[in-house]
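What follows is one structure encoded as structure tokens, with my remarks underneath.
Computed from the coordinates by the stated procedures, all read-outs in this text should not be read as laboratory data. Here the structure is a predicted model, which means the values were calculated and not measured. All Cβ positions, glycine included, derive from the backbone under ideal geometry; neighbour counts span all protein chains shown.
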Amino acid sequence: MYPWIPQFITSMIVIFVVLHIALGAAAYLILLERKIAAWVQDRVGPNRVGPMGLLQPIADGVKLFLKEDFMPRGVDRVLFVLAPAFSAIPALIGFAIIPWAGELRLWTGDTVVLMGANINIGIVYLVATASLGVYGVGLGGWASNNKYSFLGGLRASAQMISYEIPMGLALLCVILASGTLMPMEIVRQQLDGQWNLIQQPLAAILFFICMLAEANRAPFDLAEAEQELVGGWHTEYSSMKWALFFLGEYVHVFVGAAFFSMLFLGGWSLNPVTGWDLPVAGGWLLMLIQFSIMMGKIFLLVALGMMIRWTLPRFRFDQLMKLAWEGMIPIGLLLLLMTSFFVFMGWAHWLWAGSLAVGGLIWLVLPFMPGQRNPNQRIGLLGSRFSPTNEEVGSMRR
């Protein structure tokens, strides 16, 4: 038997299993979000379909299958149909490089890795596939022949491109400290040392915020602000085309949480500091334990993102862009400079001290930075009776 066959078969099984877990998670994460929203707002939430409402996602899926697939007049039919697929497919192929567990020892004596593709450019692959999601959103907004959809697509494109920059800077901090682009090697180094969350807390916070922005999650959901844009880029979509957009969003959240767990939480590691931890290689029972730990971390991160959605108000769009370009990008560059210096000097184990120094520097310099006196000042609507023009004020005085 060829030596690559056991790994190939294992990779196909892992892809098949995780793909169906991600699809099931997308359905039940919607139920979880509705339950969390109900808990935050002191309501009951879905509780009619099945015990404790657990069959609600199935009922919603059947409803979406049976709804009319409406296509407005004047749309670009080809792009209108392809846009939901462009949004969902990149989310469904990015998880292939995530190490869901360690190395499984088979009865044949072979050792296989429980991941879809153990390639040496794994991090680049995941970042590249995640960045493709902006095309589905932008094309959907443009092809809909609707001004609200077009504005939503423009907003989403500007937001996702802007927040990819600080996300890439935070990612570069981890890559520089690890010295590799291989996901499994990044996890191994955290098993032998400390979690990157301990060593680089500011980079972790930066990455998590960008992860929410890339998935268009509140408070970064300006692209579908109901009060302003009806439904944003998916205003004209219905039935399963509409469902594909939300499938892509929730799978992005799932894969992003797995990516964050791999980069900053040590994958399946249990000990965030040096000391005892689970071994990398073992039998089926150890692999099942490692996989369960990984899924538990993903669930906690997704739940945290949902709590943030139902706790913080939505940004104004100028605040959203200002946060990225005047806040997160300079902080990311500062962290990258600090990480480069520490790695060059051989102080990689003291990166936590460098992160604290960067945080202290930001706290000292921030009061002296130029800014608006009141960034949240109310902006009047020109000509409104609540905000009259100077000529109208003069005529009222006369």
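Side notes on the structure shown:
- Extension gain for MET240 to VAL273 (0.36 nm times residue separation, less C-alpha to C-alpha distance): 7.3 nm.
- Length gained on full extension, ALA353 to GLU326, computed as 0.36 nm times the residue gap minus the Cα-Cα distance: 7.3 nm.
- When the C-alpha to C-alpha distance is required to be over 21 Å, the pairs from LYS35/LYS297; LYS63/LYS241; LYS297/LYS322; LYS67/LYS147 that qualify are LYS297/LYS322; LYS67/LYS147.
- From phi via Karplus (6.51, -1.76, 1.60), per-residue ³J(HN,Hα) for the stretch 352-365 in Hz, x at Gly/Pro: 4, 5, x, 5, 5, 5, 5, x, x, 5, 4, 5, 6, 7
- Approximate shape of the stretch 1-156 as ellipsoid semi-axes (Cα gyration tensor, √5λ), whole Å, largest first: 36, 25, 15
- Exposure proxy for THR111, THR339: other Cβ atoms within 10 Å of each Cβ, ordered fewest to most, give THR111, THR339.
- The modelled label-to-label distance between ASP192 and TRP107, using points 7 Å beyond Cα along the C-beta direction, is 3.4 nm.
- Each residue of the stretch 84-95 was assigned a 3J(HN,Hα) from its phi angle through the Karplus curve 6.51 cos²θ - 1.76 cosθ + 1.60 (θ = phi - 60°); the sequence is x, 5, 5, 7, 8, 5, x, 5, 8, 10, x, 6 Hz, with glycine and proline shown as x.
- GNM flexibility winner over the chain from ILE97, ILE329, ILE119 (Cα, springs under 10 Å): ILE119
- Sequence of THR180, THR108, THR235 once ranked by neighbouring C-beta atoms within 10 Å, starting from the fewest: THR108, THR180, THR235
- Distance-filtered residues of the stretch 153-178 - backbone nitrogen under 13 Å, label point 7 angstrom along VAL343 Cα→Cβ: 169-178
- Whole-angstrom gap from the stretch 171-241 to the stretch 274-328, using each part's C-alpha centre: 8 Å
- Panel note: the C-alpha atoms of the stretch 66-202, placed on their principal axes, show extents of 60, 41, 23 Å (largest first).
- Chymotrypsin sites (Phe, Trp or Tyr not before Pro), loop per DSSP, at most 15 other Cβ atoms within 10 Å - longest free stretch of the chain: 108-275
- Here each label is just a point 7 Å from Cα along the line to Cβ, and for TYR2 and ALA303 those points are 4.4 nm apart.
- Amide H within-cut-off set for GLU103, under 5 Å, with H built and near neighbours excluded: ALA281, GLY282
- Shape analysis of the stretch 205-342 yields a ratio of the Cα radius of gyration to the Kirkwood radius, Rg/Rh, of 1.06.
- With θ taken as phi - 60° and the Karplus curve 6.51 cos²θ - 1.76 cosθ + 1.60 applied, the whole-hertz 3J(HN,Hα) list for the stretch 238-244 is 8, 6, 6, 5, 5, 5, 5 Hz, x standing for glycine and proline.
- The chain: proportion of alpha-carbon pairs further apart than 25 angstrom, %: 63 percent
- FRET efficiency for THR311 and TYR28, using Cβ-Cβ distance with R0 set to 25 Å, rounded to 0.05: 0.70
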